[in-house]
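Novice: Just dropping this structure here.
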Amino acid sequence: MWRRGVVVGAVAVLALGGCTAGGDEVAAPPPEVTPADAAPGTLLQAREVAPDPSLARIGARLWQVRYASRSVLGDVPVEVSGVVIEPAGEPPPGGWPVVSYAHGTTGLADACAPSRSSTLLGQLSVVLPLVERGYVVTATDYEGLGTPGPHPYLQPVSEARGVIDAVGAARDLLPRTSQQWVAFGLSQGGQAVWAAGELAGPGFLGAAALAPPTDIGSLVDDVPGDLGPLEKTLYPAVLLSLQLRHPSLDLADYLSGGALAAAPQLTTDCTTVGFEPFPDADFEPSSPAALDQLRAWLAELALPSGPAVGPLFVAAGTADGLVPVGTVDAAVDRACALGTTVEYRRYEGAGHPALPDAAEDTLRWITARFADEPPPSTC
């Protein structure tokens, strides 16, 4: 989940104008509006850009977009960026089916927005098989990545709104899209699409969540001496995000020394040195009470928070060192008890984010949702 000391989505499989021959009709550029003037999901801005060669080879088109959403920080209008990718050819009867893709962690700074990269910061290879199969792919950057305001990292409702509202933006841009859509994400994106499944409206057919961090409170159990190399960088990022939600959180209650000094760099730089070299003492909480408070705050972000409105496909690797498989097991059990239809696959020996092991199963599951097949359940 981290590369060069920064959070990145590990990726092994599954970036405006008029109409071109064989392509979908594109809506006229939207008038100048602000998020405050628009309903969530409204397209605010779209700009066609030259696609990566892997997309150009299959005749796909790529737009950088901005759309209206709603922030979890004060429940105010917010602008979110992302991309929309249109496959080649003519849409099927009923319009292009839509997959809303949620990316794995890339960082907390604006420079970490995947839409700013022609390869979506290396994650284009994940969505390429979907575009090849004739799906419109819309991919959010999430609130605060690439747009004004902070990024509420690993806050499920914020991520879910980005995923859901990106579908509306794609429909505004490409009128011949279907009303039916599926969400798909891995790592941070797995959390995002699971949460989207609890909040989605009409047309939602289900969500495929790979290696979803359903209970980031499990980090507390490893503080300070059992934090692994990856967890040592995840932990400060989580603290910074929680501080947005709970301004009373004092970083000095949880970090000290070099770790405390380096934490602010996570909000400004995607290539900063990681936290692995810092000693365990830098992660010692100021008191047991402070750690208990942290545990309570993180419990607010646990999934599921309620039943999903559509089926879920959930994948986890039994050797995942960042998202413990036991936390996913427990979340699936709770979802099943709430009445959600879940197909759960555990991949023996697979690490984070259970790819490429889950690639074929994920594509099969997404295809079956658009084919109106009954969703399988392992509950």
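The values are calculated or read from the model by the stated rules, or taken from the named source; none is laboratory data. Small disclaimer: the values here were computed from a predicted structure and weren't measured. FYI the Cβ positions are ideal-geometry reconstructions off the backbone, even for glycines, and counts take in every protein chain you see.
Novice: What number of residues within segment 67-87 are in contact with a Gly (Cβ under 8 Å, 6 or more places away or on another chain) and closer than 30 Å to GLU300 by Cβ? So that I can check it myself, show each step before the final result.
Specialist: Filtering segment 67-87 for residues in contact with a Gly (Cβ under 8 Å, 6 or more places away or on another chain) gives 67-69, 71, 73, 78, 80-82, 86-87.
Pick out the ones that are also closer than 30 Å to GLU300 by Cβ and you get 67-69, 71, 73, 78, 80-82.
Number of matching residues: 9.
Novice: Follow-up question, since we're still on this one. Quick check, is LEU312 of a type in the set (A, V, I, L, M) and not assigned by TED's automatic domain parsing to the domain that holds LEU130?
Specialist: Criteria not met by LEU312.
Novice: Also: Return a yes/no flag: does segment 211-219 have any residue that is crowded, with 19+ Cβ neighbours inside 10 Å and either farther than 30 Å from THR362 by Cβ or of a type in the set (Lys, Arg) (or both).
Specialist: Checked segment 211-219: no residue is crowded, with 19+ Cβ neighbours inside 10 Å and either farther than 30 Å from THR362 by Cβ or of a type in the set (Lys, Arg) (or both).
Novice: Taking the conditions exactly as written (surrounded by 22 or more Cβ atoms within 10 Å (Cβ to Cβ), farther than 22 Å from VAL182 by Cβ and in contact with an Asp or Glu (Cβ under 9 Å, 6 or more places away or on another chain)), does LEU298 satisfy them or not?
Specialist: Details: surrounded by 22 or more Cβ atoms within 10 Å (Cβ to Cβ): no; farther than 22 Å from VAL182 by Cβ: yes; in contact with an Asp or Glu (Cβ under 9 Å, 6 or more places away or on another chain): yes.
Criteria not met by LEU298.
Novice: Give GLU79, GLU48, GLU132, GLU90 a once-over and let me know the one that is under 15 Å from ALA169 (Cβ atoms) and out of contact with any helix residue (DSSP H, G or I) (no Cβ under 8 Å at 6 or more places or on another chain). Break it down stepwise before answering.
Specialist: On the way: GLU79 fails: out of contact with any helix residue (DSSP H, G or I) (no Cβ under 8 Å at 6 or more places or on another chain); GLU132 fails: under 15 Å from ALA169 (Cβ atoms); GLU90 fails: under 15 Å from ALA169 (Cβ atoms).
Just one listed residue meets the conditions, GLU48.
Novice: Determine whether segment 198-218 contains at least one residue that is in contact with a Phe, Trp or Tyr (Cβ under 7 Å, 6 or more places away or on another chain) and modelled with pLDDT under 95.
Specialist: Scanning segment 198-218, I find no residue that is in contact with a Phe, Trp or Tyr (Cβ under 7 Å, 6 or more places away or on another chain) and modelled with pLDDT under 95, so the answer is no.
Novice: Return yes or no: is LEU363 assigned to a helix (DSSP H, G or I) and touching a helix residue (DSSP H, G or I) at 6+ places or on another chain (Cβ under 9 Å)? Let's see the steps before the verdict.
Specialist: Numbers: assigned to a helix (DSSP H, G or I): yes; touching a helix residue (DSSP H, G or I) at 6+ places or on another chain (Cβ under 9 Å): yes.
The answer is yes for LEU363.
Novice: Quick one: which of ALA331, ALA308, ALA281, ALA335 is over 28 Å from GLN179 (Cβ atoms), modelled with pLDDT of 95 or more and surrounded by 23 or more Cβ atoms within 10 Å (Cβ to Cβ)?
Specialist: The conditions single out ALA331.
Novice: For segment 303-329, give me the residue count where each residue is within 17 Å of TYR235 (Cβ to Cβ) and touching a Gly at 6+ places or on another chain (Cβ under 7 Å).
Specialist: Residues of segment 303-329 within 17 Å of TYR235 (Cβ to Cβ): 320-324, 327.
Now drop any that are not touching a Gly at 6+ places or on another chain (Cβ under 7 Å), which leaves 320-321.
Selection size over segment 303-329: 2.
Novice: Also, I was wondering about something else. Would you be able to say whether some residue in segment 260-275 is over 29 Å from GLY149 (Cβ atoms), in contact with a strand residue (DSSP E or B) (Cβ under 8 Å, 6 or more places away or on another chain) and either crowded, with 18+ Cβ neighbours inside 10 Å or in the same structural domain as ALA208 (by TED's automatic domain parsing) (or both)? Spell out how you get there, then give the answer.
Specialist: Going through segment 260-275, the residues over 29 Å from GLY149 (Cβ atoms) turn out to be none.
For segment 260-275, residues over 29 Å from GLY149 (Cβ atoms), in contact with a strand residue (DSSP E or B) (Cβ under 8 Å, 6 or more places away or on another chain) and either crowded, with 18+ Cβ neighbours inside 10 Å or in the same structural domain as ALA208 (by TED's automatic domain parsing) (or both): absent.
Novice: Further, regarding this structure: Taking the options LEU210, LEU234, LEU230, LEU242, name whichever one is of a type outside the set (Asp, Glu), in the same structural domain as GLU159 (by TED's automatic domain parsing) and under 30 Å from ALA358 (Cβ atoms).
Specialist: Going through LEU210, LEU234, LEU230, LEU242 in turn, just one is of a type outside the set (Asp, Glu), in the same structural domain as GLU159 (by TED's automatic domain parsing) and under 30 Å from ALA358 (Cβ atoms): LEU210.
Novice: Consider segment 239-277. How many of its residues are in a loop (DSSP other than H, G, I, E, B) and either at pLDDT 95 or above or on the phi > 0 side of the Ramachandran plot (or both)?
Specialist: Looking only at segment 239-277, we keep the residues that are in a loop (DSSP other than H, G, I, E, B), and these are 246-250, 254-256, 268-277.
With either at pLDDT 95 or above or on the phi > 0 side of the Ramachandran plot (or both) added as a condition, the list becomes 246-250, 254-256.
Here the count works out to 8.
Novice: Related question: Based on what the data block shows, is SER286 surrounded by fewer than 19 Cβ atoms within 10 Å (Cβ to Cβ), under 18 Å from the mean Cα position of the chain (by Cα) and assigned to a loop (DSSP other than H, G, I, E, B)?
Specialist: Values: surrounded by fewer than 19 Cβ atoms within 10 Å (Cβ to Cβ): yes; under 18 Å from the mean Cα position of the chain (by Cα): no; assigned to a loop (DSSP other than H, G, I, E, B): yes.
Considered against the rule, which asks whether it is surrounded by fewer than 19 Cβ atoms within 10 Å (Cβ to Cβ), under 18 Å from the mean Cα position of the chain (by Cα) and assigned to a loop (DSSP other than H, G, I, E, B), SER286 comes out as no.
Novice: Determine which single condition ALA316 fails, assuming it passes every other condition in (1) in a strand (DSSP E or B); (2) at pLDDT below 95.
Specialist: So the condition that ALA316 fails would be (2).
Novice: Would you mind finding the one in GLY228, GLY201, GLY217 that is in a loop (DSSP other than H, G, I, E, B) and farther than 29 Å from GLY168 by Cα? First the steps, then the outcome.
Specialist: Working: GLY201 fails: farther than 29 Å from GLY168 by Cα; GLY217 fails: in a loop (DSSP other than H, G, I, E, B).
Every option except GLY228 fails the conditions.
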